[in-house]
Each structure stands twice: as structure tokens, then as C-alpha cells.
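Have a look at the structure below, then the notes.
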Amino acid sequence: MNVFDFDETIYDGESSVEFILYYLRHDLKIIKFLPTVFKVFFQYNKGKITFDDFTHKYAGELKNYFEKNNVDLSGLVDSFWNKRMNKIKPFYKEIQRDDDVIITASPYFMMEEICKRIGVKNLIATDFDIKTGEVKTACFREGKIDCFRSVYPDGEIDDFYTDSLNDEFLFPLAKRVFMVKKDKITQIK
């Protein structure tokens with residue numbers, strides 16, 4: 001099987017950040033959470049806080065927002081991807097296989113639609129409850145290995161494509177590893 005990170009790998013951008021900004025246009029009440037969301041995102045992305053730190057210190061605010069505002073994301077997800085289909089990088093269609101797996105830190109509720117549209121049947125993503133705002137499982141950094149193993153306990157990766165060394169935890173499972181920077185693909189293992 002071939003395994004792909006999504007953001008900045010086969011998608012030209014950071015879909016979760018783009019979705020938050022897209023959502024902001026539909027609900028300005030979320031603006032007060034943006035400084036915290038971006039602070040936590042960058043701290044977590046740089047390895048300065050753990051997933052447990054995130055869930056214990058910050059997720060409560062998000063959960064309160066979702067509960068108080070009766071958030072419905074399903075229609076927004078469709079319209080979001082309608083405007084971004086052109087950001088799927090052309091190289092992916094050239095090498096796509098039926099058993100491809102996308103493994104991403106982006107939330108499952110958001111990724112499920114784009115995977116259907118591009119023909120990917122196997123998705124591993126962050127488990128995020130859209131009714132409560134609760135993050136149950138983070139599919140990021142070392143969490144990706146746990147998420148991958150929970151779905152494919154004995155899975156072997158032929159080719160792994162990523163844009164970041166944050167995914168180094170999956171490198172040992174792959175025969176070959178490719179670093180993707182914009183349209184340039186370099187084999188690093």
C-alpha cells in the first residue's frame with residue numbers, strides 16, 4: 001500500500017487552517033477562539049505541548065463553544081471542498097492506487113468528503129466529535145503510528161509521501177519515503 005499525508009503533500013495548503021478561516025465567514029462568534037486555536041496549533045506543531053496538554057488545557061473551550069452554538073458543519077464541509085478541489089496536486093492522480101491510505105492530522109469529518117471525491121477509500125484522521133467539539137484521538141506526530149497500527153496492525157507501507165519530518169514515526173514502516181515540497185518530490189529513504 002501507498003500512504004500519503006494530506007496537507008502540503010497531495011493538497012496544496014493546510015486544510016484545517018483554511019477550514020477554520022472559511023468557517024469564520026459563517027459564524028463570527030468563533031473569532032474569540034482563534035488566538036487560542038492558532039497558539040495551540042503552532043505549539044503542538046512545534047512539539048512544545050503534547051496532545052494530552054492540548055485536550056486538558058484547551059479542548060474545554062472548544063467543547064463549550066460547540067455545545068452553546070449548536071454547530072452544524074456538514075453543509076459547510078461540502079461547500080468548502082467545492083471551492084478547493086483544484087488544490088489537489090496533479091502528481092497524485094498519476095500515481096494513485098486502489099489501496100492508497102491517507103493519514104492526516106486533519107479531522108475525519110472534514111476529510112471524509114474529499115477522500116470520496118478523489119477516490120480514496122482508506123482514511124485515517126483525527127477523531128473529532130462534531131457534536132461536542134471533543135478531540136478523541138490525534139493523528140499527528142507519534143500519534144500517527146498508533147492510529148495506523150490500530151487500523152493496519154501488520155500493515156507494511158510500500159511508499160510513504162509527506163511534506164514534514166513530523167511524520168518520521170512512520171518512516172520505519174515504509175520501504176521508501178518521499179518528501180513533497182510543492183511540486184517537487186524527493187526520495188529520502
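The values are calculated or read from the model by the stated rules, or taken from the named source; none is laboratory data. All values derive from a computational prediction rather than experimental measurement. Here the Cβ positions follow ideal geometry from the backbone for every residue, glycine too, while neighbour counts run over all protein chains shown.
Considering (1) surrounded by 15 or more Cβ atoms within 10 Å (Cβ to Cβ); (2) over 30 Å from ILE185 (Cβ atoms); (3) at pLDDT 75 or above, the lone condition that ALA59 does not fulfil carries the number (3). Before we move on, is GLU168 over 14 Å from MET1 (Cα atoms) and either touching a Gly at 6+ places or on another chain (Cβ under 9 Å) or without any contact (Cβ under 8 Å) to a residue 40 or more places away in the chain (or both)? Yes, satisfied. Is it true that some residue in the stretch 130-148 is in contact with a Cys (Cβ under 9 Å, 6 or more places away or on another chain), over 19 Å from GLU8 (Cα atoms) and hydrophobic (A, V, I, L, M, F, W, C)? Yes: the stretch 130-148 contains one or more residues that are in contact with a Cys (Cβ under 9 Å, 6 or more places away or on another chain), over 19 Å from GLU8 (Cα atoms) and hydrophobic (A, V, I, L, M, F, W, C).
Within the stretch 99-112, the set of residues being assigned to a strand (DSSP E or B) and out of contact with any Ser or Thr (no Cβ under 6 Å at 6 or more places or on another chain) comprises VAL101, ILE102, ILE103, THR104. Pairs are defined by a Cβ separation below 7 Å, a sequence spacing of at least 6 or placement on different chains, a first member in the stretch 173-189 that is over 20 Å from TYR11 (Cβ atoms), and a second member that is surrounded by fewer than 11 Cβ atoms within 10 Å (Cβ to Cβ) and modelled with pLDDT of 95 or more; the pairs so defined are ARG176/GLN187. In the set (1) at pLDDT 95 or above; (2) within 23 Å of ASP146 (Cα to Cα), PHE109 fails one condition alone, (1). Of all residues in the stretch 155-181, those satisfying the criterion of being loosely packed, with under 12 Cβ neighbours inside 10 Å, charged (D, E, K, R) and at pLDDT 95 or above are LYS175, LYS181. There is at least one residue in the stretch 117-138 that is free of Cβ contacts under 8 Å to residues at least 60 places away in the same chain, within 24 Å of GLY47 (Cα to Cα) and basic (Lys, Arg). Within the stretch 113-165, the only residue that satisfies the criterion of being over 16 Å from the mean Cα position of the chain (by Cα), assigned to a strand (DSSP E or B) and among the aliphatic types (A, V, I, L, M) is ILE157.
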